[in-house]
Amino acid sequence: MPDKVRVPIGPQHPALKEPESFLLTLVGEQITEMSVRLGYNHRGIEKACEGRTYVQDVYLIERVCGICSHSHSTAFVQAVEEIAGLEVPKRGLYIRTLVAELERVHSHLLWLGVAGHEIGFDTLLMYTWRDREVVMDLLALLTGNRVNYGMNTIGGVRRDIAEGQKQGILNAVDALESRTKYYIEVASQEVTLINRLSGVGVVSHEDAIRLGAVGPTGRASNVARDARKDDPYAVYADLDFKVITSDHNDVYGRTLVRVGELMESYKMIRQLVRNMPEGPVAVKAPRKIPAGEAVSRYEAPRGEDVHYVRANGTDKPERVKIRAPTLANVQCVAHMLKDRYLADLPIVIAAIDPCFSCTDRLIAVHGAGREPQTMDWEAVRRYGIEWYRARGTDFTDLNKKLRVKIA
Amino acid sequence: MTEEAAIEKQVVTQFPFLLAKFRVARPRRIFAEVARDRFPEVFDYLVKKMNFTILCTITGLDLGDELGAIYHLARESGVTFNLRTAVPKTQPVLPSVTPYFPPADCYERELVDLLGFKVEGLAPGSRYPLPDDWPAGQYPLRKDWNPEMLDKKEAPHA
Amino acid sequence: MQLVKKIVTWARIKSPWIIHFNTGACNACDIEIVAALTPQFDLERFGIVLKGTPRHADVLVCSGPVTRQIKERLIRVYEQIPEPKFVVAVGTCSCSGGVFKGCYNVEGGIDNVIPVSVYVPGCPASPTAIIDGVVKLLTSLEAGEAKAQAGTPTEQLAPGEDCE
């Protein structure tokens with residue numbers, strides 16, 4: 001193995017020098033140093049928000065990330081509602097929270113599949129994404145879209161849910177819960193999986209705090225922070241749920257936390273449906289928002305999402321600041337990969353649950369006195385799977401077993 | 001006494017000059033403003049003595065003649081302390097808070113790239129979030145900047 | 001079922017290999033592209049295979065409004081795909097810039113940078129719409145209607161169109 005490996009973003013022309021996203025230094029197969037370069041997805045959203053009305057911004061901000069779109073739009077409208085002194089009707093908050101938890105479910109199932117894919121456990125991808133379609137269909141039924149639900153407006157939500165839809169939600173949750181119980185069984189009993197994920201991407205409790213890890217990444221190192229409990233918003237203060245933590249401090253812990261959170265989400269969804277109060281779902285918001293400022297914190301599937309909004313009395317915000325959770329967690333990646341192997345790179349990065357496009361990467365291989373070569377993410381993923389297979393980790397049997405068990 | 005009231009009492013006793021702009025907007029939301037020269041000691045006190053051990057993010061603002069920076073601090077209990085300071089555009093220098101919060105470097109690089117702050121003590125590293133070929137002297141989040149300036153490659157803020 | 005039969009026949013003749021490239025998208029379209037490969041939608045039954053490298057691909061499936069940082073790379077990827085090649089713009093952002101049109105750092109639509117064969121609008125484009133877009137491209141090739149890219153976009157999907 002050459003002694004220096006550069007990990008740039010996107011496909012690279014061999015002769016063209018381009019900015020790298022991850023720069024690794026290897027000694028043999030071991031990573032001794034790593035630095036992270038970001039920004040390729042920078043679209044200038046915060047600036048655009050200042051030139052558009054608050055209502056237009058709800059739709060723009062929803063598209064910061066297509067996996068946690070409701071997280072971003074809710075964080076934004078909450079801040080605006082606070083500045084304007086609007087009190088969202090209880091039913092509107094219930095619906096907002098319901099969509100929030102459904103989003104968490106789709107996101108965590110997506111993650112389970114992606115994690116499986118990264119380590120060679122592809123059957124898990126196929127089954128979890130098939131289960132995920134149950135949630136996608138439900139979200140489409142309730143909101144009109146599979147993604148980017150457009151459910152929020154300033155002052156509440158845009159659509160009510162019908163009595164007849166409630167049973168459908170409960171049925172879906174029952175089905176998903178039994179499937180998730182099976183994934184928990186697999187996660188906690190299958191030795192191949194446990195061995196593959198344990199001791200990988202380790203962050204101690206103290207380091208997780210020092211590095212500012214949020215969401216499941218932090219909670220897997222026993223950092224028991226969850227905005228739904230610490231800084232309740234929407235209806236969370238009224239719901240009965242646990243904050244799931246693990247003291248494994250590794251990728252295995254992050255897996256346990258996410259499947260545990262799925263079970264808590266199902267509990268919450270049932271409470272929301274059964275206890276949903278009657279009444280309107282929104283209050284009318286003024287077009288011009290009075291001068292003021294607010295900070296909104298939301299527990300997105302990947303961790304704490306923070307929005308700051310400053311209003312100046314016009315129909316356009318003075319300033320919108322967004323800190324998405326991945327930005328907090330990506331700081332940990334260098335630490336997680338120090339003294340580990342290149343073979344660990346795909347699953348360690350996947351385990352912080354970054355934006356999907358973060359994984360469209362190419363790796364350029366440089367060595368003393370030789371032409372630079374390029375490996376793509378797919379090649380590193382295969383390298384990782386082969387590397388671990390050579391050391392006794394093989395998912396062929398588990399792939400077969402899962403296919404037999406879930407007809 | 002509520003937690004917010006206790007915080008206010010302690011902080012204002014320690015730093016009486018904070019009283020005028022101290023505001024408890026609602027439970028778990030405290031806002032305060034401090035002049036640049038007293039910012040380091042207030043920040044240190046909040047983090048070291050008052051347990052605001054979480055830095056959520058740093059928001060940069062264009063305030064006209066000045067640039068503002070709000071440090072969004074938080075405690076385990078969920079209370080946030082949003083401390084704002086400001087610097088003149090003619091000398092927009094802030095101290096880095098990475099000694100307290102190592103991951104703050106990307107928030108500080110945003111201040112540099114998007115608003116034109118200079119952050120002292122920030123370790124060398126790649127810029128964030130703008131691309132390498134971004135024209136120097138153009139700070140997109142400043143109020144007097146618009147995307148048309150990109151094509152002209154002007155440096156209005158040089 | 002006519003359409004499915006036609007496609008299966010076609011797929012026996014040619015199995016198109018696809019490379020997926022994200023030019024700065026929010027990921028919604030990217031997830032829907034991957035979802036198109038999973039059992040509920042199953043793009044692979046049409047012989048469509050997702051490849052990791054442009055050199056083995058026939059079709060470039062693009063999402064995103066093209067950020068400044070990614071523009072050069074998009075052009076390189078396009079150039080690396082051997083002729084005949086086709087480009088599918090997935091999602092409203094890659095068709096026109098979508099909500100990001102006018103943002104600094106965003107070019108606003110794939111066809112500002114490379115020629116596009118098929119536009120699949122939607123925010124995000126659903127897996128059924130994506131499959132329909134790719135299938136429309138393939139069936140128009142079979143019918144000899146499409147031109148391989150030398151700068152000529154061929155067909156535009158109407159919004160709301162769906163496959164059987």
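The values are calculated or read from the model by the stated rules, or taken from the named source; none is laboratory data. Please read these numbers as outputs of a predicted model, since none were measured by experiment. Using ideal geometry, Cβ is built from the backbone for each residue, glycine included, and neighbour counts are taken over all protein chains shown.
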Residues of the range A:135-163 satisfying the condition of being away from chain C (no Cβ under 11 Å), surrounded by fewer than 21 Cβ atoms within 10 Å (Cβ to Cβ) and on the phi > 0 side of the Ramachandran plot: A:Gly144
Go through the range B:68-87 and give me each residue that's of a type in the set (Ser, Thr, Tyr), facing chain A (nearest Cβ under 9 Å) and either within 17 Å of B:Phe15 (Cβ to Cβ) or crowded, with 20+ Cβ neighbours inside 10 Å (or both). B:Thr80
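Name the one entry in A:Pro325, A:Pro346, A:Pro317 that is under 15 Å from the mean Cα position of the chain (by Cα) and more than 9 Å from chain B (Cβ to nearest Cβ).
Numbers: A:Pro346 fails: under 15 Å from the mean Cα position of the chain (by Cα); A:Pro317 fails: under 15 Å from the mean Cα position of the chain (by Cα).
Step by step, each of A:Pro325, A:Pro346, A:Pro317 is checked, and only A:Pro325 is under 15 Å from the mean Cα position of the chain (by Cα) and more than 9 Å from chain B (Cβ to nearest Cβ).
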Please tell me if A:His205 is buried (at least 18 other Cβ atoms within 10 Å of the Cβ) and farther than 20 Å from A:His70 by Cα. no
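Conditions (1) facing chain C (nearest Cβ under 9 Å); (2) farther than 17 Å from A:Ile349 by Cα; (3) modelled with pLDDT of 95 or more, marked per residue:
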position	(1), (2), (3)
A:Thr25	no, no, no
A:Ile31	no, no, no
A:Arg37	no, no, no
A:Arg43	yes, yes, no
A:Glu46	no, yes, no
A:Cys49	no, yes, yes
A:Val64	yes, yes, no
A:Cys68	no, yes, no
Does the range C:89-101 include one or more residues that are facing another protein chain (nearest Cβ under 7 Å) and either closer than 22 Å to A:Ile45 by Cβ or of a type outside the set (Val, Ile, Thr) (or both)? yes
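Conditions tested, residue by residue: (1) assigned to a helix (DSSP H, G or I); (2) in contact (Cβ under 8 Å) with a residue 24 or more places away in the chain.
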position: B:Met1; (1), (2): no, no
position: B:Ala20; (1), (2): yes, no
position: B:Ala32; (1), (2): no, yes
position: B:Asp37; (1), (2): yes, no
position: B:Pro40; (1), (2): yes, yes
position: B:Leu46; (1), (2): yes, yes
position: B:Thr59; (1), (2): no, no
position: B:Leu67; (1), (2): no, yes
position: B:Tyr71; (1), (2): no, yes
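Of all residues in the range C:33-54 being within 7 Å of chain A (Cβ to nearest Cβ) and touching a residue at least 40 places away in the same chain (Cβ under 8 Å), which is nearest to C:Pro127 (Cα to Cα)?
Step one: list which residues in the range C:33-54 are within 7 Å of chain A (Cβ to nearest Cβ), which gives C:35, C:38-40, C:52-54.
Still in the list and also touching a residue at least 40 places away in the same chain (Cβ under 8 Å): C:35, C:40.
On the way: C:Ala35: 7, C:Gln40: 10 Å.
Here the answer is C:Ala35.
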Go through the range C:55-88 and give me each residue that's closer than 27 Å to B:Leu130 by Cα, buried (at least 21 other Cβ atoms within 10 Å of the Cβ), away from chain B (no Cβ under 14 Å) and of a type in the set (Val, Ile, Thr). C:Val61, C:Val77
Note: among B:Pro129, B:Pro99, just one is over 11 Å from the mean Cα position of the chain (by Cα), surrounded by fewer than 16 Cβ atoms within 10 Å (Cβ to Cβ), assigned to a loop (DSSP other than H, G, I, E, B) and of a type outside the set (S, T, N, Q), namely B:Pro99
Do we have any residue at all in the range A:296-308 that's in a loop (DSSP other than H, G, I, E, B) and either in the same structural domain as A:Gly215 (by TED's automatic domain parsing) or surrounded by 22 or more Cβ atoms within 10 Å (Cβ to Cβ) (or both)? yes
When you look at A:Ala368, is it modelled with pLDDT under 80 and more than 14 Å from chain C (Cβ to nearest Cβ), yes or no? yes
Yes/no for A:Gly92 being without any contact (Cβ under 8 Å) to a residue 24 or more places away in the chain, more than 21 Å from A:Pro290 (Cα to Cα) and touching a strand residue (DSSP E or B) at 6+ places or on another chain (Cβ under 7 Å): no
Kindly establish whether A:Arg132 is within 30 Å of A:Val380 (Cβ to Cβ) and surrounded by 16 or more Cβ atoms within 10 Å (Cβ to Cβ). yes
Any hit, the range A:262-277, residues being at pLDDT 95 or above, within 14 Å of another protein chain (Cβ to nearest Cβ) and at negative phi: no
Any hit, the range A:187-206, residues being within 14 Å of chain B (Cβ to nearest Cβ), part of a helix (DSSP H, G or I) and not polar (S, T, N, Q): yes
Considering only residues that are closer than 23 Å to B:Phe17 by Cα and surrounded by fewer than 20 Cβ atoms within 10 Å (Cβ to Cβ), look in the range B:56-67 and name the one that is nearest to the other protein chains (Cβ to nearest Cβ). B:Leu63
Go through the range A:223-245 and count every residue that is within 26 Å of A:Leu193 (Cβ to Cβ) and either buried (at least 19 other Cβ atoms within 10 Å of the Cβ) or without any contact (Cβ under 8 Å) to a residue 12 or more places away in the chain (or both). 4
Could you list, in sequence order, the residues of the range A:173-195 that are in contact (Cβ under 8 Å) with a residue 12 or more places away in the chain, of a type in the set (Asp, Glu) and within 18 Å of A:Phe395 (Cβ to Cβ)? A:Glu190
